[in-house]
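*Asks:* This structure is in structure tokens; I'll ask about it shortly.
The values are calculated or read from the model by the stated rules, or taken from the named source; none is laboratory data. In this text, all values refer to a predicted model and were calculated from it rather than measured experimentally. Here the Cβ is made from the backbone with ideal geometry for all residues, glycine too, and neighbour counts use every protein chain on show.
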Amino acid sequence: MAISNLLGSNLFNMVTIALCDVLYRPGALLAHVSAAGLMSGLTALVMTGIVITALVYRTGTKSVLRVGAEALALGFVYVTGSYFLFVLSSR
């Protein structure tokens, strides 16, 4: 239930952003978003894609440290996204 709640919330937020983009009068909504906001959204989108892909194509094999490749990819994307978010927000 936690995974479906997390994925459902992320996908609902993406649909809300798309709807708000249509209703936003001054132009494209994402053109007015800061670089740090775009980075956090992109990180969440990539991580959601990794989780959905892992759920659809379950390999069942373990890699380094008895952890699946999906978990390693999620950790890498999270750490990389957090680093870039730190760099972009410190400007």
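*Asks:* Could you check, for the range 16-26, whether at least one of its residues is surrounded by 10 or more Cβ atoms within 10 Å (Cβ to Cβ) and in contact with a Ser or Thr (Cβ under 8 Å, 6 or more places away or on another chain)?
*Replies:* Among the residues of the range 16-26, not one is surrounded by 10 or more Cβ atoms within 10 Å (Cβ to Cβ) and in contact with a Ser or Thr (Cβ under 8 Å, 6 or more places away or on another chain), which makes the answer no.
*Asks:* Would you mind stating whether Ile50 is in contact with an Asp or Glu (Cβ under 9 Å, 6 or more places away or on another chain) and β-branched (Val, Ile, Thr)? Before you say what the answer is, go through the steps one by one.
*Replies:* Working: in contact with an Asp or Glu (Cβ under 9 Å, 6 or more places away or on another chain): yes; β-branched (Val, Ile, Thr): yes.
Judged against the criteria, Ile50 is a match.
*Asks:* Taking the conditions exactly as written (assigned to a helix (DSSP H, G or I), aliphatic (A, V, I, L, M), at pLDDT below 80 and under 25 Å from Phe84 (Cβ atoms)), does Leu11 satisfy them or not?
*Replies:* Judged against the criteria, Leu11 is not a match.
*Asks:* Consider Phe86 carefully, then state whether it is modelled with pLDDT of 90 or more, among the aromatic types (Phe, Trp, Tyr) and exposed (fewer than 15 other Cβ atoms within 10 Å of the Cβ).
*Replies:* It is true that Phe86 is modelled with pLDDT of 90 or more, among the aromatic types (Phe, Trp, Tyr) and exposed (fewer than 15 other Cβ atoms within 10 Å of the Cβ).
*Asks:* Right, here's the next one. Can you find even one residue in the range 46-65 that is in contact with a Phe, Trp or Tyr (Cβ under 9 Å, 6 or more places away or on another chain), of a type in the set (A, V, I, L, M, F, W, C) and at pLDDT 85 or above?
*Replies:* Residues of the range 46-65 that are in contact with a Phe, Trp or Tyr (Cβ under 9 Å, 6 or more places away or on another chain), as a first pass: 47.
Among the residues that remain, those that are also of a type in the set (A, V, I, L, M, F, W, C) are: 47.
Going one step further and asking which of them are at pLDDT 85 or above, we end up with 47.
Yes, that holds for at least one residue.
*Asks:* Just one of Thr59, Thr80 is outside any helix (DSSP H, G or I) and either surrounded by 13 or more Cβ atoms within 10 Å (Cβ to Cβ) or of a type in the set (Val, Ile, Thr) (or both); which is it?
*Replies:* Thr59
*Asks:* Do we find a residue being of a type in the set (D, E, K, R) and in a helix (DSSP H, G or I) anywhere in the range 25-34?
*Replies:* Looking through the range 25-34, none of the residues is of a type in the set (D, E, K, R) and in a helix (DSSP H, G or I).
*Asks:* Quick check on Leu74: is it in contact with a helix residue (DSSP H, G or I) (Cβ under 7 Å, 6 or more places away or on another chain) and not β-branched (Val, Ile, Thr)? Give the derivation first.
*Replies:* Working: in contact with a helix residue (DSSP H, G or I) (Cβ under 7 Å, 6 or more places away or on another chain): yes; not β-branched (Val, Ile, Thr): yes.
For Leu74, the condition - in contact with a helix residue (DSSP H, G or I) (Cβ under 7 Å, 6 or more places away or on another chain) and not β-branched (Val, Ile, Thr) - is met.
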